[in-house]
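The values are calculated or read from the model by the stated rules, or taken from the named source; none is laboratory data. Source: prediction; values computed, not measured. Reconstructed Cβ throughout: ideal geometry from the backbone, glycine too, with neighbour counts over all protein chains shown.
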Amino acid sequence: MSAKNINTHLIEIQDYFKAAISVDCVIFGFDENELKVLLIESDLKEFKGKWSLLGDIMHPDEDIETAAYRVLRERTGLENVYMEQVQAFGGINRHPAGRVITIAYYSLVNIEHVELKTHSNELHWHAVKDIRQMAFDHREILATCLERLQRKVIDQPVGFNLLPRKFSLRELQNLYEAILDVKLDRRNFRKKFFAMDYLIDLNEEEQEVRHRPAKLYKFNQEKYNQRHKKSLGF
């Protein structure tokens with residue numbers, strides 16, 4: 001291709017480079033027996049009074065995953081938490097500033113460990129089941145990430161990332177019911193988890209509770225890792 005043809009080609013495709021890439025993080029937490037998501041009040045006039053996911057434009061020197069972890073760290077103070085890329089959202093008019101393609105991630109955090117980094121606009125945990133309208137296309141992104149989480153917890157014990165290190169079987173069942181939005185049979189639920197043998201009995205009970213104290217357990221991450229590697233053929 002001649003220099004003239006190259007220059008002509010670059011001029012023809014210059015509009016293809018007029019787009020930004022962002023990341024949006026659906027940060028799930030579990031509190032008061034409800035699945036919650038961390039939202040921030042939009043500071044754009046087009047979405048005044050509406051809530052949005054936590055996100056940012058990807059910096060020129062970042063890869064996508066680095067940008068996602070930066071957003072999580074700057075807003076929650078957490079690092080090394082469970083995070084999974086879900087999919088891209090590229091609606092032509094999804095952002096009022098211009099063409100912005102966003103990559104959605106969801107993460108699972110223990111709310112007790114989160115120190116919210118607030119700015120000029122508010123930052124709050126919202127019950128997922130109560131959310132109706134959001135800024136941008138963030139309601140669609142939230143719904144998509146929730147569906148991914150629901151499929152994931154059926155096959156893998158990722159939900160333990162939302163619980164404290166010590167938890168009761170009641171708390172564990174409440175978590176799964178909140179994620180799946182179903183009522184589970186108590187006996188069958190416990191039978192299933194004991195059969196998987198991923199729970200370690202701590203020989204402790206709940207303290208300072210109004211109901212009858214329940215036994216406490218923790219997740220056996222080491223045993224799960226061993227079985228997972230074996231299933232992959234390692």
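A compact table of results
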read-out: Sole residue being surrounded by fewer than 17 Cβ atoms within 10 Å (Cβ to Cβ), of a type in the set (Asp, Glu) and assigned to a loop (DSSP other than H, G, I, E, B), chosen from GLU147, GLU140, GLU204, GLU208; value: GLU208
read-out: Counted residues, segment 9-29 - those being modelled with pLDDT under 75 and of a type outside the set (A, V, I, L, M); value: 2
read-out: Residue count, segment 35-85 (criterion: of a type in the set (Val, Ile, Thr) and either assigned to a loop (DSSP other than H, G, I, E, B) or not assigned by TED's automatic domain parsing to the domain that holds ALA127 (or both)); value: 1
read-out: Residue count, segment 44-60 (criterion: among the charged types (D, E, K, R), farther than 21 Å from TYR82 by Cα and either surrounded by 13 or more Cβ atoms within 10 Å (Cβ to Cβ) or at pLDDT 95 or above (or both)); value: 1
read-out: Options ILE154, ILE103, ILE111; residue that is touching a helix residue (DSSP H, G or I) at 6+ places or on another chain (Cβ under 9 Å), surrounded by 16 or more Cβ atoms within 10 Å (Cβ to Cβ) and at pLDDT below 95; value: ILE111
read-out: Residue in segment 71-83 that is buried (at least 21 other Cβ atoms within 10 Å of the Cβ) and among the aliphatic types (A, V, I, L, M) present; value: yes
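Conditions tested, residue by residue: (1) of a type in the set (Gly, Ala, Ser); (2) outside the structural domain of GLY29 (by TED's automatic domain parsing); (3) farther than 30 Å from GLN14 by Cα.
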site: GLY98; (1), (2), (3): yes, no, no
site: TYR106; (1), (2), (3): no, no, yes
site: GLU115; (1), (2), (3): no, no, yes
site: PHE160; (1), (2), (3): no, yes, yes
site: GLU177; (1), (2), (3): no, yes, yes
